[in-house]
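A short worksheet on the structure shown next.
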Amino acid sequence: MICALTVRKLKPGTFDQFREAFMGNMEEDPPEGFVRFNMLRNSEDPDEAISFGFFDGTPEQLREMAAKEGYGEQLERIAPFVESVGADGLYEIVEERTF
């Protein structure tokens, strides 16, 4: 299982537009292989957003899926709302607990 995670600093006051552009038609047509997705908004800084999704596969499979599922187009849609990008990567889940 892979977690794709990105931290973004948004241009002031653009969270709603960013969210709409990011999500696109994801609810009707979720990316192949993803089993869960979360978007977080910093409660102390509403212009900081964290998105992460859990992919059932390898990093290579995720990169292949992203290329054919339009990840580049998604980045183009959100670009007008993004000021900067912090952590951005594919992380292997090494421990998982449910309480």
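The values are calculated or read from the model by the stated rules, or taken from the named source; none is laboratory data. No experiment lies behind these values; they were computed from the predicted model shown. Positions of Cβ are generated from backbone atoms using ideal geometry, with glycine treated the same way; all protein chains shown enter the neighbour counts. Note: accessible area is taken over every heavy atom of the protein model, side chains too, but ligands, DNA and RNA are not part of it. Shrake-Rupley method; radii C 1.70, N 1.55, O 1.52, S 1.80 Å.
Of Leu75, Leu90, all but one fail to be without any contact (Cβ under 8 Å) to a residue 12 or more places away in the chain and within 11 Å of the chain's Cα centre (by Cα); the exception is Leu75. Do we find that Phe81 is touching a residue at least 40 places away in the same chain (Cβ under 8 Å), surrounded by 14 or more Cβ atoms within 10 Å (Cβ to Cβ), over 14 Å from Ala4 (Cα atoms) and among the aromatic types (Phe, Trp, Tyr) in this structure? The answer is yes for Phe81. Considering only residues in region 1-25 that are under 21 Å from Gly89 (Cβ atoms), over 11 Å from the mean Cα position of the chain (by Cα) and not basic (Lys, Arg), the one that is most open to solvent (accessible area, probe 1.4 Å) turns out to be Met1.
The number of residues in region 44-60 being closer than 18 Å to Val94 by Cα and either free of Cβ contacts under 8 Å to residues at least 40 places away in the same chain or touching a Gly at 6+ places or on another chain (Cβ under 8 Å) (or both) comes to 4. Across region 35-72, the qualifying residues are those that are of a type in the set (Asp, Glu) and more than 14 Å from the chain's Cα centre (by Cα), and the one among them that is surrounded by the most Cβ atoms within 10 Å (Cβ to Cβ) is Asp47.
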